[in-house]
1. Anything in the stretch 374-430 that is open to solvent by 70 Å² or more (accessible area, probe 1.4 Å), among the acidic types (Asp, Glu) and assigned to a helix (DSSP H, G or I)? List them, or say none.
2. Across the stretch 243-266, what is the number of residues that are farther than 20 Å from residue 325 by Cα and crowded, with 22+ Cβ neighbours inside 10 Å?
3. In the stretch 133-143, is there at least one residue being under 25 Å from the mean Cα position of the chain (by Cα), over 25 Å from residue 97 (Cβ atoms) and open to solvent by 10 Å² or more (accessible area, probe 1.4 Å)?
4. Looking only at the stretch 316-335, count every residue that is in contact with a Gly (Cβ under 8 Å, 6 or more places away or on another chain), more than 19 Å from residue 262 (Cα to Cα) and not hydrophobic (A, V, I, L, M, F, W, C) and tell me the total.
5. Can you tell which of 165, 71 is at pLDDT 95 or above and of a type in the set (Gly, Ala, Ser)?
6. Looking only at residues that are in contact (Cβ under 8 Å) with a residue 12 or more places away in the chain and open to solvent by 10 Å² or more (accessible area, probe 1.4 Å) in the stretch 57-66, which one is farthest from the ligand (Cβ to nearest atom)?
7. Going by what's in this entry, would residue 168 be described as within 20 Å of the chain's Cα centre (by Cα), more than 20 Å from residue 31 (Cβ to Cβ), more than 16 Å from the ligand (Cβ to nearest atom) and of a type in the set (Val, Ile, Thr)?
Amino acid sequence: MNAVTIPIRAASAGGCSDAPVLRERGQHEVFCGLTGIIWLHRKIQDAFFLVVGSRTCAHLIQSAAGVMIFAEPRFATAIIDERDLAGLADANSELDRVVQQLLARRPEIKLLFLVGSCPSEVIKLDLARAASRLSTTFSPSVRVLNYSGSGIETTFTQGEDACLASMVPGLPASAPNAPDELLVVGALADVVEDQFLRLFKQMGIERVRFFPPRRASDMAPVGPNTRLLLAQPFLADTARALQARGATLLPAPFPLGVEGTTLWLQAAARAFGISELALDAAVAPATLRAKAALARARLALEGKSIFFFPDSQLEIPLARFLARELGMHLLEVGTPYLHRQNLAQELALLPEGTFLSEGQHVEKQLERCRAAQPDIVVCGLGLANPLESEGLTTKWAIELVFTPIQGFDQAADLAELFTRPLVRRMRLAA
Ligand code: SF4
C-alpha cells in the first residue's frame, strides 16, 4: 500500500491567520435559521420540527424543501399570527392543542422541537416555558425542546447551531473514568457518517459517536472523556455548550477535500495516540482515489477566479479547498461571521493576501463583484438571478449545504459543483 504524505502546515500559524478583514454592516441577503430544518429533519429520524410562525415561515420551509419526498413530512408550521397581546393565553392553549393532536397522530415522534420565528406575536410567546410545560405533559415518551430560527437572530446555518445547542443540556453525563470517546459534531449525510466511521475504525479509534444522532434515544454521553471534532464550521454555540459540559475541542480544519479531510482525521488520530503510520495506512486508498478524481476537475478549474458572498459560513473552508487543491484564484471570500477560534486552522491554510470580508453591505459588495468580473460567484438564491442576467456565472450556496460534500469520496463531487456551472456557461456561449 502506498503511503500518503500528510501536510502539516495547519499546525503552524501563517496564511491568513492575522489577515485584515473588511467588516461590513448593512442590508444583507441571507436565509433565516429555519432553513436548517430542511436537512435536520432528515437526519434525526424520530424528531419533528414545529415552526411557531407565520404564513411566510410556512412558505419558506415548503419552498426551500422543494418537492416533498415524504408522505408525512417531519416538520410543520403552527401559524400564530393576527393575534394581539390579549390573545396570548389563547396562543398558548392553541399551541398545546396543535402539539396534542400532532403527537396523537404521530406516535413515532420522540423529540419535538418548537422552533421560534420573527413575527412579533411569536416573540411574545415564551417558547422555552411552553417546551418545558409540554415536556412534562408528554414525558417520558416525548421530549420537547425549543430554539430560535428567527431571521432577526439567526442566518441560514445558524439554525443548526441553535438546534444542536438546545439538545446539549439533555445529553447524559458520561460515567466517571469512562474511556475517551470521539464525538463528531454537525449533521452529515448518513453515507458520509458511515465512511468516516469505517475510517476511524481502520485507524484504530473504536469509540466514536455522532451528534446529532439518527435517533433521539441514541444521545451520546458527554463529559471530560469527550473529544470533539467539528464537522461543520458554523457550530460555535454548540461547541461552547459541549465544552461547558467538560468536552475538549480538537482544533482542525474541516473535512472538505483531501487535505482538509486528512488533517481532520489527523487531529483525531493525535488525540487518540494513533501513529502516523496507522493513519497513513487507513487513508491511503481513499486519498489516492480522491486525488485522481480531483486531477480531472483541476483541468477545468485551475486559474479560474471565484468570489464568495456571505451565506452558509462554509465559505472559508471551501475557498481553502478550491485554492489549494484546484488552483482557483480567490477574489473575495465573504462570510456572515468569522469565528477566528473555530476557523484558526483554516485561516492558516488560506493563501496569503486573500481578501476576507465579514457581514454584508450587499450593494457595496455587488459593486466589488461586478468590478472584479469573477469566473464564478457563490451566492444566495436572491442574488444569483440578477448576477446571471448580467452575464456572471453563479453557484447557489444552499446547494453546498444540501449536498454530501465532506470526506475523501465526496471531494470530486464537491469540485464538480463548481465545474458544472462553468461548463453550462461555456455551452451557452458556444
Ligand atoms: Fe421570514 Fe422570520 Fe419566518 Fe424566517 S422566521 S421565514 S425571516 S418571518
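The values are calculated or read from the model by the stated rules, or taken from the named source; none is laboratory data. These numbers come from a predicted model, not from an experiment. Neighbour counts run over all protein chains shown; Cβ positions are idealised from the backbone, glycine included. Only protein heavy atoms, including side chains, enter the accessible area calculation; ligands, DNA and RNA are left aside. Shrake-Rupley method; radii C 1.70, N 1.55, O 1.52, S 1.80 Å.
1. 413, 416 - these are the residues of the stretch 374-430 that are open to solvent by 70 Å² or more (accessible area, probe 1.4 Å), among the acidic types (Asp, Glu) and assigned to a helix (DSSP H, G or I).
2. Taking the stretch 243-266 first, the residues farther than 20 Å from residue 325 by Cα are 243-251.
Narrowing the set further to residues that are crowded, with 22+ Cβ neighbours inside 10 Å leaves 247.
Number satisfying all stated conditions: 1.
3. Filtering the stretch 133-143 for residues under 25 Å from the mean Cα position of the chain (by Cα) gives 143.
Next, only the ones that are over 25 Å from residue 97 (Cβ atoms) stay: none.
The answer is no, given that none of the residues of the stretch 133-143 is under 25 Å from the mean Cα position of the chain (by Cα), over 25 Å from residue 97 (Cβ atoms) and open to solvent by 10 Å² or more (accessible area, probe 1.4 Å).
4. Result for the stretch 316-335: 1.
5. Details: 71 fails: at pLDDT 95 or above.
None of the other options fit; the residue is 165.
6. Going residue by residue through the stretch 57-66, those that are in contact (Cβ under 8 Å) with a residue 12 or more places away in the chain are 57-58, 60-61, 64-65.
Going one step further and asking which of them are open to solvent by 10 Å² or more (accessible area, probe 1.4 Å), we end up with 57-58, 60, 64-65.
Working: 57: 3, 58: 8, 60: 4, 64: 9, 65: 13 Å.
Per the criteria, the residue is 65.
7. Details: within 20 Å of the chain's Cα centre (by Cα): yes; more than 20 Å from residue 31 (Cβ to Cβ): yes; more than 16 Å from the ligand (Cβ to nearest atom): yes; of a type in the set (Val, Ile, Thr): yes.
Yes.
A quick yes/no check of all residues on (1) in a helix (DSSP H, G or I); (2) small (Gly, Ala, Ser); (3) loosely packed, with under 14 Cβ neighbours inside 10 Å; (4) within 16 Å of the ligand (Cβ to nearest atom):
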| position | (1), (2), (3), (4) |
| --- | --- |
| 92 | yes, no, no, no |
| 101 | yes, no, yes, no |
| 109 | no, no, no, no |
| 112 | no, no, no, no |
| 118 | no, no, no, yes |
| 123 | yes, no, no, yes |
| 128 | yes, yes, no, no |
| 131 | yes, yes, no, no |
